[in-house]
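To start, the structure under review is shown below, and the notes come after it.
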Amino acid sequence: MNEKFAPELLENKSEIVECVMEQLEHMEENLKRAKKGDLKVSIHQMEMERIRFVLSSYLRCRLMKIEKFFPHTLEKEKTRREEEPPILSPEEFVFAKEFLANTETYLKDTALKHMPPNLQKVDLLRTVPKPDLDAYVFLRVKERQENILVEPENDEQRDYVIDLEEGSQHLMRYRTVAPLVASGAIQLI
C-alpha cells in the first residue's frame, strides 16, 4: 500500500519478495501432492492466485515509478550513503540503467541528430519530472508520534507541531511524513 500511494519510489523489499516467491513454490509443491477435487485445494489455489496478484501489482507499481522518474531514481541510488538501504534491487537497477540507455539512444536516433549541434545534448535530470514530494497523502498512524513539524503552505502561515495518535487518519504532505513511512510508523491509505 505504501509503495502504491507514495509519490516516490520507496526502499526495495526484495528479501520479502523472494520469501513470498519461495513460499508460493512450496505451496505449489504441497498442492501437487494433495487429492484432486478436494475443497481445500481450490481454496489454497485461490489464495495463491491472490498472493501472486498482490506481488505482481507491487512489482508493476515499482517498475512504473522507475520508468516515470528513471534519471532521478538512478541519481538518488548513486548518491546514497553506504549505510542507507538501497532504493533499487539489483534487477531494478539493471532495468533502470537499460531504460536510461535506450531512452538516450532513441532520442539521439529520432530527434537529436536532426537538430543543430548546440542542441544535440539533453539533460534528462532537468527534462524528466521529479517525484512530487509535496503531494498530499492519506495516512493511518500505526504508532503514536509526537512533535511532528507541519510545514506551512505559504510564508504568511507559521510552522506548527502536532501529535499523531495511534489509529488516527490524516491528510498531510508526503514530505512531512516520508521518514515515518520509511520507518513503518504510519501506513499510506
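The values are calculated or read from the model by the stated rules, or taken from the named source; none is laboratory data. Quantities reported herein were computed from a predicted structural model and do not represent experimental measurements. FYI the Cβ positions are ideal-geometry reconstructions off the backbone, even for glycines, and counts take in every protein chain you see. Quick note on the areas: whole protein, heavy atoms, side chains included, nothing else; ligands and nucleic acids left out. Shrake-Rupley method; radii C 1.70, N 1.55, O 1.52, S 1.80 Å.
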| task | Return one whole number: the accessible area per residue of the range 37-96 in Å², for a 1.4 Å probe. | result | 67 Å²
| task | For the chain, with all protein chains present and a 1.4 Å probe, just round the carbon and sulfur fraction of the accessible area to a whole percent. | result | 55 percent
| request: Check each of the GluC sites (Glu not before Pro) in the range 34-131 and keep only those in coil by DSSP with at most 13 other C-beta atoms within 10 angstrom; list them in order. | output: E82, E83
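Output the relative contact order of the chain, whole-number percent, from Cα pairs under 8 angstrom with separation of 6+ residues.
Values: 188 pairs, mean separation 48.8, N = 189.
Taking the mean separation of contacting Cα pairs over the length of the chain, I get 26 percent.
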| remark: Subtracting the Cα-Cα distance of Q187 and Y160 from 0.36 nm times their residue separation yields 7.5 nm
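Set the bar at 19 Å for Cα to Cα. Now go through K108/K130; K78/K130; K4/K130 and name every pair that lies beyond it. Kindly include the intermediate steps, with their values, before the conclusion.
Numbers: K108/K130 22 Å; K78/K130 16 Å; K4/K130 17 Å.
Beyond 19 Å between Cα atoms: K108/K130.
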| Could you give the accessible area per residue of the range 101-172, probe 1.4 Å, as a whole number in Å²? | 81 Å²
| note | Of the candidate values [x] 1.09; [y] 1.00; [z] 0.93, the one computed for Rg/Rh (Cα atoms, Kirkwood Rh) from this structure is [x]
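Within the range 88-189, report the trypsin sites (Lys or Arg not before Pro) that DSSP leaves as loop and that have at most 12 other Cβ atoms within 10 Å.
Working: sites: K97, K108, K113, K121, R126, R140, K142, R144, R158, R173, R175; in loops: K121, K142, R144, R158.
Listed in order of number, the matching sites are K121, R144, R158.
Given only helices, namely DSSP H runs of n ≥ 4 each adding -39500 (n - 2.57), what is the per-residue ellipticity at 222 nm of the chain, to the nearest 500 deg cm²/dmol? Don't skip to the end; give the middle numbers.
Numbers: 7 runs with 99 residues, N = 189.
Result for the chain, helices only: -17000 deg cm²/dmol.
Determine the dipole magnitude for the range 1-121: charges of +1 sit on the beta-carbon of Lys and Arg, -1 on that of Asp and Glu, nothing else is charged, the reference point is the Cα centre, and the result goes in debye to the nearest 20. Mind showing how you got there, number by number?
Details: 21 positive and 23 negative charges, 96 e Å.
Magnitude of the dipole: close to 460 debye.
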| task | In whole Hz, with x marking every Gly and Pro, tabulate ³J(HN,Hα) for the range 174-189 from phi via Karplus 6.51 cos²θ - 1.76 cosθ + 1.60, θ = phi - 60°. | result | 4, 4, 5, 9, 3, x, 6, 5, 4, 7, x, 6, 10, 10, 6, 10
